[in-house]
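Read the figures in this text as sums done on the coordinates, not as results from a lab. Quick caveat: nothing in here was measured; it's all calculated off a predicted structure. Cβ coordinates were reconstructed from backbone atoms using ideal geometry, including for glycine residues, and neighbour counts include every protein chain displayed.
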Amino acid sequence: MSKTPLLEIRDLHATIDGKEILTGLSLSINAGEVHAIMGPNGSGKSTLANVLMGSPRYQVTKGDVLFRGESLLGMKPDVRAQKGLFLAFQYPVAIPGVTMVNFLRQAMNAKRGEDLPIREFRETLFAKMDLLKMDQEFARRYVNDGFSGGEKKRAEMLQMAMLQPAMAVLDETDSGLDIDALRTVAEGVNALMNPEMGLLLITHYQRLLNYVKPQFVHVLIDGRIARSGGAELAEELELTGYDEMEEALAVAANA
Amino acid sequence: MTTPTAPAQINTDSYEAKFGFHDKDEALFKSNKGLTPEIVAMISEMKDEPQWMRDFRQRSLEIFRQKENPPWAGNQLDNIDFDNIHYFVRATDRDERSWDDVPEYIRKTFDKLGIPEAEKKFLAGVGAQYDSEVVYHNIREDLEKLGVIFVGTDQALKEHPEMFKEYFGTVVPPADNRFAALNSSVWSGGSFIYVPPGVKVDVPLQAYFRINTQNMGQFERTLIIADEGSQVHYVEGCTAPTYSSDSLHSAVVEIIVKKGARVRYTTIQNWSNNVYNLVTKRAVAYQDAVMEWVDGNLGSKLTMKYPSVYLMEPGAHGEILSLAFAGEGQHQDAGGKIVHAASNTTSTIISKSLSKDGGRTSYRGLLKVYDDCENVKANVRCDALLLDEQSRSDTYPTMEIDAPDVSIQHEAYVSKLGEDQLFYLQSRGLSEEQAAKMIVNGFVEPIVKELPMEYAVELNRLIELQMEGAVG
């Protein structure tokens, strides 16, 4: 049966400042699936996240990214977002002077293509904030301005909850979170996940995967997927570490 | 962009369509071009002024002739042809208290600009100046009964001669600078406000200045006296038709804030891009008084304006919030001056400037603390945001600190409209243009949030107008 995947990455090559970071990455994600990409520092994890969202800093030199069968390359980030793609940033930038509530409202209106009545918007917002155990006062603060690491990550999850993307990419959402915050964020992610949606978790460590269970785990080394497997692969990695796995893969490749 | 309504909107929202229109030249009287003792004498004659004012004007003309342009102006003022300006244009010889009595074509102009409507909705009083003279002035009756005076400055000279003479020209003397001297010799119109002790004017008084005639100079003169423990917020706005030749606007504003009083003076300057805007604004604040300037400069070809506060007695506080936006062909040379002339005084200057399409903003500031002042606190913060590679921003801060016990913070930042910020917002579905507007709105928020809601909306609207086509 040939069903069109939700997200299909085909032999993706991408560079920044002329340096190739992604070197032929392929990956397919169907609706209802949770995938994790794990990899050491510098393996291209964040590059992948940014390229998928259409960051102008990176150039795609080869390959394609299809969303519901349609190529995303050449689409501006806002068009990708309107199609249903979402990226939770590893380092969300501050927008001083713009309140979360104002930002979220404009983002939602932009995505819907029409203005959501203010009352309905507020009800949705406060419900989602409850889900993520956020104080309502948070909505009055300026976007990411002076947020702690944990607050930034929670704010990203709030945006995801509001925008309800079809395909969400979480870039190191677990980094900088203490265990309680990690649990809250993970609970939020699980509550948002649904059979129509795809989820790609990009992470260095396994700990997020204790709370959000992936069906598929991929190991990213030197800009391409070196190994794929089930949830057990994450546990194996946790035991062996990236160095050992890299060595083993190199030996296997040379054999 | 694919929004089908966008092109039409840009058209009707342009400065040309909204503010740049002009009425037929129907002036009752227009002085010949050029500046001579005879023309100055004629202005006095037409206004039927007392001898001291006639002398004051002639003396000021002399000073103007001796003075040079400010040295930091460079060659930017060289194109002003002082002989090609009408120094006095009288549209009507009456300053009315009812819009119905204002000549119809002038009333229509102010209707178009939304002034009578705003007056009804949220203002305590309104003054409207058309070319050289005030054509309308009114104040809420209850405030008038409390003794608040809000009239045209010419009218004040006639009706309140003693108070007028006591304060006029004491804060900004004619010799202060070349354009203060020019204003002193040919001044006409402006607002005169007196707030009696303890009276708090709870909603703003507003004045609106409109230039209609081509090649004219507008030289209004505003004098505000806030007596002990009183409070007032004065707002001024201005626009002019878009002409191919240049006009000159050179005002002088003097403010006296007595013990425990509080004055806020808000400007939303939106002159067309053919106006030279060279204005001297200064306030003196006495014991425990608070003076706040909120100075928004969006229009004009060249603005040189540095509102200042002299903190004369202990407990006085001065605040300057300056917002400048320079587009193509514009230079906003703005900033502020604070002089700490007493102990236990505090001040804050916040400047936010935006440049795009090759526009230029300059922050020029002075912070001075006299040597016998103790426990002085001053805070200066200047942020500049460049919206593209062609635009320019400079900071020229001067500090003259002669006292040891002074706490001063000075921060200045210049940033470019950030690729990372744009990408972040775009990743949430906002177009590049929406994202840029959001970043800019956030950037100016510290100033805008200080304004009453109606003006905040207006200012954001004007910024959006300036932002049209800024990116993409």
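Return the ratio Rg/(2.2 N^0.38 Å) for chain B, where Rg is computed over Cα atoms only.
Working: Rg = 21.7 Å, N = 472, 2.2 N^0.38 = 22.8 Å.
Ratio of Rg to 2.2 N^0.38 Å for chain B: 0.95.
Using only the alpha carbons, work out the radius of gyration and Dmax of chain A in angstrom.
Computed over the Cα atoms of chain A, radius of gyration and Dmax are 18.3, 64 Å.
Need one word for segment B:83-170: rounded, prolate or oblate. Basis is the Cα gyration tensor (sqrt eigenvalues a ≥ b ≥ c); a/c below 1.5 gives rounded, then a/b vs b/c decides. Please list the in-between numbers first.
Numbers: a/c = 2.14, a/b = 1.05, b/c = 2.04.
Oblate, because a/c is 1.5 or more while a/b does not exceed b/c.
Taking the simple approach of a point 7 Å from Cα along Cα-to-Cβ for both B:ASP405 and A:GLU235, what is their distance in nm?
With each label point 7 Å from Cα toward Cβ, the separation is 7.1 nm.
Based on the mean of other beta carbon atoms within 10 Å per residue, what is the order of A:191-201, A:242-252, most packed first?
Numbers: A:191-201: 17.6, A:242-252: 13.4.
Packing proxy ranking, top to bottom: A:191-201, A:242-252.
Quick check on packing: order A:61-68, B:320-327, B:444-451, B:307-314 by the mean number of other C-beta atoms within 10 Å, highest mean leading. If you can, show how the numbers build up before the last one.
Values: A:61-68: 16.6, B:320-327: 27.1, B:444-451: 18.9, B:307-314: 23.4.
Top to bottom by mean Cβ count within 10 Å: B:320-327, B:307-314, B:444-451, A:61-68.
Would you please give the residues with an amide H less than 5 Å from that of A:ALA226, counting only those at least 5 places away or on a separate chain, with H modeled from the backbone geometry?
Under 5 Å from the amide H of A:ALA226 lie the amide H atoms of A:VAL219, A:LEU220, A:ILE221, each far enough along the sequence or on another chain.
Count the lysine pairs in segment A:39-193 whose Cα atoms sit under 15 Å apart, keeping only pairs 8 or more residues apart in sequence or on different chains. Mind showing how you got there, number by number?
On the way: A:LYS76/A:LYS111; A:LYS83/A:LYS111; A:LYS128/A:LYS153; A:LYS133/A:LYS152; A:LYS133/A:LYS153.
Lysine pair count for segment A:39-193: 5.
Give the residue from A:ILE21, B:VAL294, A:ASN190 lying farthest towards the positive end of the charge dipole for the protein assembly as shown; charges sit on Cβ (+1 for Lys and Arg, -1 for Asp and Glu) and the dipole is referred to the Cα centre.
A:ASN190
Within 10 Å, count the other beta carbons around each residue, average over each peptide in B:371-380, B:174-183, and list them highest first. Write down the numbers at each step before the final one.
Values: B:371-380: 17.0, B:174-183: 22.7.
Averaged packing, sorted descending, gives the order B:174-183, B:371-380.
May I ask for the distance between the Cα centers of segment B:319-357 and segment A:217-255, given as a whole number of Å?
58 Å
If every alpha-carbon in segment A:170-255 counts as one equal scatterer, what log10 I(q)/I(0) does Debye give at q = 0.13, 0.16, 0.19 1/Å?
Listed by q, the Debye log ratios stand at -0.47, -0.68, -0.90.
So, in Å, what gap is there between the alpha-carbon centers of segment A:43-101 and segment B:61-86?
The distance from the Cα centre of segment A:43-101 to that of segment B:61-86 comes to 55 Å.
Do you know the relative contact order of segment A:77-232, to the nearest whole percent, from alpha carbon pairs under 8 angstrom that are 6+ apart?
On the way: 196 pairs, mean separation 40.5, N = 156.
Value for segment A:77-232: 26 percent.
Return the sequence-ordered ³J(HN,Hα) values of segment B:225-239 in whole Hz as given by the Karplus equation 6.51 cos²θ - 1.76 cosθ + 1.60 applied to θ = phi - 60°, using x for Gly and Pro.
For segment B:225-239, the Karplus curve yields 10, 9, 6, 3, x, 8, 8, 7, 10, 10, 10, 10, x, 7, 8 Hz.
Provide a whole-number value for the mean count of partner chain Cβ atoms within 10 Å of the Cβ atoms in peptide B:226-237.
Numbers: counts 0, 0, 0, 0, 0, 0, 0, 0, 0, 0, 0, 0.
Partner-chain Cβ atoms within 10 Å, mean over residues of B:226-237: 0.
Taking the Cβ of B:GLY34 as the centre, find all other residues whose Cβ is under 11 Å away and add up their charges (Lys, Arg: +1; Asp, Glu: -1). Walk me through the numbers before you get to the answer.
Details: positive: B:LYS33; negative: B:GLU38, B:ASP81, B:ASP83.
Result for the neighbourhood of B:GLY34: -2.
Please compute the average number of Cβ atoms from other chains found within 10 Å of each residue's Cβ in peptide B:428-440. Don't skip to the answer; put the middle values down first.
On the way: counts 17, 19, 10, 6, 3, 1, 5, 5, 0, 1, 8, 4, 2.
Mean shielding by partner chains, rounded to a whole number: 6.
Specify the inter-centroid distance of segment B:394-472 and segment A:122-199, based on alpha-carbon positions, in whole Å.
Centre-to-centre (Cα) distance: 28 Å.
Among the lysines, select those whose C-alpha is under 28 Å from the C-alpha of B:LYS33, and discard any that sit fewer than 8 residues away in the same chain.
B:LYS24, B:LYS47, B:LYS67, B:LYS108, B:LYS158, B:LYS281, B:LYS301, B:LYS305
Would you work out if segment A:138-208 is rounded, prolate or oblate? Take a ≥ b ≥ c from the square roots of the eigenvalues of the alpha-carbon gyration tensor; rounded if a/c is under 1.5, else prolate when a/b is larger than b/c, oblate otherwise.
Numbers: a/c = 1.89, a/b = 1.21, b/c = 1.57.
Since a/c reaches 1.5 but b/c is at least a/b, the shape of segment A:138-208 is classed as oblate.
What number, in percent, do you get for the relative contact order of chain B if the mean sequence gap of Cα pairs under 8 Å and at least 6 apart is divided by its residue count? Don't jump to the answer; show the numbers that get you there.
Values: 1185 pairs, mean separation 44.3, N = 472.
Dividing the mean separation by the residue count of chain B yields 9 percent.
Averaged over peptide A:84-94, how many Cβ atoms belonging to another chain are found within 10 Å of each residue's Cβ?
On the way: counts 0, 2, 3, 4, 1, 4, 0, 2, 3, 8, 5.
Across A:84-94, the average partner-chain Cβ count within 10 Å equals 3.
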